[in-house]
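As C-alpha cells, the structure follows; a few thoughts come after it.
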Amino acid sequence: MNTIYEPKGKAREYSPLALNIYDGCDHQCDYCYVRNFKSDYYNTSGEREIMPRKNIIQELLKDASKYSNKSQVLLCFTGDPYCHADVKYQTTRKVLKILLDNNVLVSILTKGGSRAKRDIDIIKKFKNKIKFGSTLTFFDEKLSLKYEPFAALPSDRFETLKFFHNNNVRTWVSLEPVILEEETFRIIDETYKYVDEYKVGLTNYYTLPKQIDWKNFAEKVVKKLRMLNKDFYVKEDLRKYLDDGFLSKKESDMDYLTIKPEKEIKLF
C-alpha cells in the first residue's frame, strides 16, 4: 500500500501529500464527504471497530525517508489522526515519531480536540516543520452535537488550538464545510487571536439546510480575514463566486500556506 500519496481533485487543495493512519473514523459527521462513496468507512452502527491501517507503521518505516524535506504531508485526509480509536492504539504518535526522524514536513488536521495534546512533546520537536489544525464547522455546541456527534466539542477544539499556539506551534483552521454562515463568522471571531491561518470552502456533497448567497459570503469572509491580517486560502469551489481580481495571488494559491522545504521557501 502507499502510505504517503498525492491527493487528487479538491483534496489537493489541502496539501501536496497526505497520509491516512486509520481505516475509518468514529466521529460520525453527518456532512462527511467520504460517506458518499465509501459507506463502510465510518462506524455509524457501533458494529465496526476503527483500526489502524494494516501494516501502517512497517510500511511507513520503509517509505518515510523518500519524503525527507520535500512536500508537506497532511495527517489525515480520509479519517482523523485523533479519532477515538487513537486513544487505544496511539498510532498517530508512532507515525509522528517516524516522520520526525525522517525530517518530513507535516500538517495535522483533526476534530479530536484535546486528544492531540498528549503528543505535544513530539510535535514541538518538529519546530517550524509542522502545523496543527482543526476543522471547525459550528460555534454552537448543540449544532455540533447534531451534525458531528462524536467529534470534540467546539470549545475543546478552540482550547486545543490555543494550547498549541501557546506552545509556539503554528495553528490553522479549515472552515469547510460552511453550513450556516453566521457560525463561520462566530468561529473566526473566537479564534483569530490564536490561529495563524484559515482555509475556506463550500459545503461539498451535502444538502444545505438553507440557501446561502455564496458571492456575498465569500466577499464578507475575505474582507473579514484581511481586516484581521490573517493568512488564508479560498478554495476553488468558493472562489468561483468572486469577481476576477478580487483575490490576491497568494489568497488563491493552493500551496501558499503549505510548509515549504528549506531550499524552496517562496516569498510573495
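The values are calculated or read from the model by the stated rules, or taken from the named source; none is laboratory data. Keep in mind that what you see is a predicted model, and the values were worked out from it rather than measured. All Cβ positions, even for glycine, are placed from backbone atoms using ideal geometry, and neighbour counts span all protein chains on display.
Can you tell which of 86, 80 is crowded, with 22+ Cβ neighbours inside 10 Å and closer than 14 Å to residue 122 by Cβ?
Going through 86, 80 in turn, the sole match is 86.
So, in the range 157-180, how many residues would count as being without any contact (Cβ under 8 Å) to a residue 40 or more places away in the chain and surrounded by fewer than 18 Cβ atoms within 10 Å (Cβ to Cβ)?
Residues in the range 157-180 being without any contact (Cβ under 8 Å) to a residue 40 or more places away in the chain and surrounded by fewer than 18 Cβ atoms within 10 Å (Cβ to Cβ): 3 in total.
Out of everything in the range 188-201 that is hydrophobic (A, V, I, L, M, F, W, C) and within 14 Å of residue 222 (Cα to Cα), what residue ends up being farthest from the chain's Cα centre (by Cα)?
Only one residue fits best here, namely 188.
Considering each residue of the range 77-114, count those that are in contact with a strand residue (DSSP E or B) (Cβ under 7 Å, 6 or more places away or on another chain) and within 21 Å of residue 260 (Cβ to Cβ), and give that number.
Counting residues in the range 77-114 that are in contact with a strand residue (DSSP E or B) (Cβ under 7 Å, 6 or more places away or on another chain) and within 21 Å of residue 260 (Cβ to Cβ) gives 8.
In the range 50-87, how many residues are modelled with pLDDT under 95 and of a type in the set (A, V, I, L, M, F, W, C)?
7
Looking only at residues that are within 12 Å of residue 78 (Cβ to Cβ) and either in a loop (DSSP other than H, G, I, E, B) or among the charged types (D, E, K, R) (or both) in the range 30-49, which one is modelled with the lowest pLDDT?
41
Name the single residue, out of those in the range 137-178 being among the polar types (S, T, N, Q) and in a helix (DSSP H, G or I), that is nearest to residue 119 (Cα to Cα).
Here the answer is 160.
Quick test of your reading of the structure: residue 100 fulfils all but one of (1) in a helix (DSSP H, G or I); (2) at pLDDT below 90; (3) under 22 Å from residue 171 (Cα atoms); (4) not small (Gly, Ala, Ser). Name the failing condition by number.
(2)
So how many residues does the range 217-259 have that are crowded, with 18+ Cβ neighbours inside 10 Å and within 17 Å of the chain's Cα centre (by Cα)?
Final tally of qualifying residues: 7.
For every residue, the table says whether it meets (1) of a type in the set (Val, Ile, Thr); (2) farther than 17 Å from residue 106 by Cβ.
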position: 157; (1), (2): no, yes
position: 169; (1), (2): yes, no
position: 180; (1), (2): no, yes
position: 184; (1), (2): yes, yes
position: 217; (1), (2): no, yes
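Test of understanding: among 130, 108, which residue is under 18 Å from residue 20 (Cβ atoms), among the hydrophobic types (A, V, I, L, M, F, W, C), without any contact (Cβ under 8 Å) to a residue 40 or more places away in the chain and buried (at least 20 other Cβ atoms within 10 Å of the Cβ)?
Among 130, 108, only 108 is under 18 Å from residue 20 (Cβ atoms), among the hydrophobic types (A, V, I, L, M, F, W, C), without any contact (Cβ under 8 Å) to a residue 40 or more places away in the chain and buried (at least 20 other Cβ atoms within 10 Å of the Cβ).
Does residue 153 count as in contact with a Pro (Cβ under 9 Å, 6 or more places away or on another chain), under 23 Å from residue 195 (Cβ atoms) and modelled with pLDDT of 95 or more?
Against the criterion (in contact with a Pro (Cβ under 9 Å, 6 or more places away or on another chain), under 23 Å from residue 195 (Cβ atoms) and modelled with pLDDT of 95 or more), residue 153 does not qualify.
How many residues does the range 55-67 contain that are without any contact (Cβ under 8 Å) to a residue 40 or more places away in the chain and within 17 Å of residue 122 (Cβ to Cβ)?
1
Being under 19 Å from the mean Cα position of the chain (by Cα) and among the hydrophobic types (A, V, I, L, M, F, W, C) is the filter here, so list the residues in the range 60-79 that pass it.
Listed by number, the residues that qualify are 73, 74, 75, 76, 77.
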